[in-house]
Each structure stands twice: as structure tokens, then as C-alpha cells.
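The values are calculated or read from the model by the stated rules, or taken from the named source; none is laboratory data. Fair warning: this is a prediction, and the values are worked out from it, not measured in the lab. Here the Cβ positions follow ideal geometry from the backbone for every residue, glycine too, while neighbour counts run over all protein chains shown.
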Amino acid sequence: MKQVSLLGCGFVADLYMRSLQVMPGITVAAVHDRDADRLREFCAHWGLTACDTFEEFLAAAPAGGLILNLTNPAAHYALNLACLEAGHHVYSEKPLALEMDEARALHALATERGLMLASAPCSVLGEAAQTLGQALRRGIAGTPRAIYAELDDGFIPQAPHADWFSESGAPWPAGDEFRTGCTLEHAGYYLAWLIAWFGSVRTVVAASADTGADKGVAGPVAPDLAVATLFFEDGPVTRLTCSIVAPHDHSIRIVGDKGVLSCGAAWDNAAKVRFARRLTLRRRLMEHPFPRRLRLAKPTHPKVKRWGAAAMNFMLGPSELLDALDEGRPCRLSSDFALHLTEVTLAIQNAGEDAGAQRPARGLGAGRRNLGPARRPRRSRRARGPRGCGPRL
């Protein structure tokens, strides 16, 4: 029986527990939250045993085991650091840290101690991402030339978020969400896919801003709109948008020489992946009006029913770390992957008006070998797809 320890019992913790219900062979060893009332409510709802202090939590966590850091973003660095220093592997909710120097320090410590360090999101291991990845490897759309990826959530400042509660009664953390920023919170849902497929981001050209929409929280807030153009180590130019003011759109479109691959829902592991081949009809160039749905040949991972805005199995990442530990192999969600994802995300969020071209200091390095199959697929002359390939299920 594999075990995880949960640090933090807020809104997202219930989503992990929902996912845990469909993942056989994984149990919770220890739970802690600094809010005693929240800790009691969460543990009562899910039938778990609470640890009243952080020290008690670290002592109760299995030696060399996996800790899921599900706390508020501002606490991620300090708590990730403490867990690593205590000798535990760490899977952190996004972001890994709020500053790049902090993320580098965590990466260096994990490397020095021989510990696994990964961060959400893990939807790159989900069925939709894997289906698109397979289509890219097979060159179904030909060589990809451009990608449009959207992560717009609607005009959230006017949403009735005061009425949003998790299953165990935790309120949606509006203050944390608005202060942390939609880019740090959400860009990873497509960035992780893109980095897995095409390798490191070579250059980021981005702009971000606070549109001034009233969010009803005290103090400074993060940008609520960001637009980035990404140039990859081995892939097409990509435009990525993140906002909490534009109409809801979580689609991705990959434009290739033969047509367009698309998926309409980043937050749904079972979202339909389609291919619309390009054709000429009566001297008009167009994509086929009835795209073909693409499917993987074999069953994939356990699915979680939709709850709120998402239908994602949040335990795919922790499960991958546990499997890697059990099998004595590198984790597909490596610390290099987490660090590069953090660096690119911070570059986009902090771009402002005049950042210009930014070149991430650290690529995936050796960690990229852990993202794809042991043997690179042969590339045909007829349809050469991208050389990068993502984490395989």
C-alpha cells in the first residue's frame, strides 16, 4: 500500500481527495492544516486522522515518503523547503514558489539530497494531453507550424465566488487567487503540455497587466491578463493567453501542414481531441467542417467525474512519483521540468509592459530524457512531426 501525506486542507485538497477515491492502492498517512477548525472539518468529512502541529505531521509522515503541499501559494516555498530538509519527497501545488531564486533553491536542495520534487499541474499525464501528444508524434497534422492556447476563465471578479465551497466546506480562496494571479495559477495547464511535447522554451515575449476590474480584496493584486508568444527548443511558435476577464475559453489549436488538431477543455482529462484536415473546395481553402475524433487505442487512467469547473484526476502526478519511487526509476515529472515550468510562468506573469524578449536561464537539461519514451520514434520523410514527446502513460 502506497501512502501520501497531505499538508493543507483548503479548497483544492478536496479535489485531491475526490481523485484519491478512484486510485486504488494509495492511502493518506498524515494530514495537517494550520487552521485547527478547517483541519477538523476536512478530516471528519473524509475520515482521516489529523496532526495538530506541523512537527507532529512531519513525524507522522512515512520516512522518505511523499508529501503533497496543498497550502496557500505564499507558503509553498517555506513548507516545500521544510519538507525536503526533513528528507521527504515533495509534490507541490502550483506554483512551486513565488520567486525564481526560491524555486532554484528548492531544486538545488532536492538534487543534493536525492529527493523527488515535482509541481502541479499533472494534466500532462491525462488522456487528452496524451492523445494530442500521440497525434503529434505520428504526424497526423503534418509538421506543426503554430499553436494557439487559451486559458480564459470568464469575468471572475463578478462571479458569485463567495458562494463557492468545496465538499468539506472550504471557501474558494478569492484573495489568494487574485493576489497570486491567474497566470501563476493556470498557465501550467497548457505550458506543461507544450514543454513536454517540444522541450524547453527558448524565448518568451510577453505582456501582462491588471485591467483594473474590482476584485473586492484589500491590497495589491496580480495581473489578470497575460499574453505570451513562446519560442520552443524544438517546436512551433505558440501564443498563450491567460485571463480572468475574457469570456471562458480553454481551447488549444495546433496548426499543421495537413490540418488542425484541437481540444476544447484543458481541465477535462477526457476532453475530445479532434483533427480537421485541410482541403480545397470550389477554389476555397478550408478545414474540414466535420473534424475526426482521435482516441488512444488502450484504456488510460482512472477518471474523476466533473466537480465545479474541472473533471481532472489530481492524483495522476502524485501517483507517478509513487510509482517511480516503487520502481526505482526517474520520475516523468522531474524537478528540472518543475523548475523550467516555474521560470517560464513567472516570466509571463511578471512581464508587464516592457519586458521584451526573455530567455529562460535554465532549460530542461538531462531531465528532458525523462519526459518521453526510452526510444525516440523514427521520423519519416513524408510527415516529420516534432522531435519532442511528452510523458507517456
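Does segment 152-197 hold any residues that are touching a Leu at 6+ places or on another chain (Cβ under 9 Å), in a helix (DSSP H, G or I) and of a type outside the set (S, T, Y), and which are they?
Answer for segment 152-197, where residues must be touching a Leu at 6+ places or on another chain (Cβ under 9 Å), in a helix (DSSP H, G or I) and of a type outside the set (S, T, Y): C182, L184, H186, G188, L191, A192, W193, L194, I195, A196, W197.
Of all the residues that make up segment 235-281, how many are within 27 Å of P302 (Cβ to Cβ) and either among the hydroxyl-bearing types (S, T, Y) or not assigned by TED's automatic domain parsing to the domain that holds R179 (or both)?
Here the count works out to 2.
Just wondering, is there one or more residues in segment 49-62 that are touching a strand residue (DSSP E or B) at 6+ places or on another chain (Cβ under 9 Å) and under 29 Å from T183 (Cβ atoms)?
For segment 49-62, residues touching a strand residue (DSSP E or B) at 6+ places or on another chain (Cβ under 9 Å) and under 29 Å from T183 (Cβ atoms): absent.
Here's the yes/no breakdown for (1) at pLDDT 95 or above; (2) among the acidic types (D, E):
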| position | (1), (2) |
| --- | --- |
| V4 | yes, no |
| L7 | yes, no |
| P24 | no, no |
| A30 | yes, no |
| G47 | yes, no |
| T71 | yes, no |
| E85 | yes, yes |
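Could you tell me whether any residue of segment 295-310 is under 22 Å from K94 (Cα atoms) and either assigned to a strand (DSSP E or B) or polar (S, T, N, Q) (or both)?
Within segment 295-310, one or more residues are under 22 Å from K94 (Cα atoms) and either assigned to a strand (DSSP E or B) or polar (S, T, N, Q) (or both).
Take L341 and decide whether it is in the same structural domain as V237 (by TED's automatic domain parsing) and within 24 Å of the chain's Cα centre (by Cα).
In short, yes.
Among all residue pairs at least 6 apart or on different chains, which show Cβ distances below 8 Å where the first residue, located in segment 238-266, is without any contact (Cβ under 8 Å) to a residue 40 or more places away in the chain and the second is among the small types (G, A, S) and surrounded by 20 or more Cβ atoms within 10 Å (Cβ to Cβ)?
G264/A271
When you go through A351, A374, A361 one by one, which is the residue that is modelled with pLDDT of 95 or more and in a loop (DSSP other than H, G, I, E, B)?
Answer to the selection: A351.
Find all pairs meeting these conditions: Cβ atoms under 6 angstrom apart; at least six residues apart or on different chains; first residue within segment 321-333 and buried (at least 16 other Cβ atoms within 10 Å of the Cβ); second residue in a helix (DSSP H, G or I).
Every condition considered, the pairs that remain are C331/L321; C331/A324; R332/E320; R332/N370; L333/G317; L333/E320.
Which of the numbered conditions does F290 fail, given that it passes all the others? Conditions: (1) outside the structural domain of H250 (by TED's automatic domain parsing); (2) surrounded by fewer than 21 Cβ atoms within 10 Å (Cβ to Cβ); (3) out of contact with any strand residue (DSSP E or B) (no Cβ under 7 Å at 6 or more places or on another chain); (4) part of a loop (DSSP other than H, G, I, E, B).
Condition (1) is where F290 drops out.
Are any of the residues in segment 200-207 closer than 22 Å to G175 by Cβ and more than 17 Å from the chain's Cα centre (by Cα)?
No - not one qualifying residue is present in segment 200-207.
Please work out if G139 is assigned by TED's automatic domain parsing to the domain that holds A226, surrounded by fewer than 17 Cβ atoms within 10 Å (Cβ to Cβ) and out of contact with any Phe, Trp or Tyr (no Cβ under 7 Å at 6 or more places or on another chain).
No.
Residue by residue through segment 51-62, note down the ones that are surrounded by fewer than 19 Cβ atoms within 10 Å (Cβ to Cβ) and not aromatic (F, W, Y).
D52, T53, E55, E56, A59, A60, P62 - these are the residues of segment 51-62 that are surrounded by fewer than 19 Cβ atoms within 10 Å (Cβ to Cβ) and not aromatic (F, W, Y).
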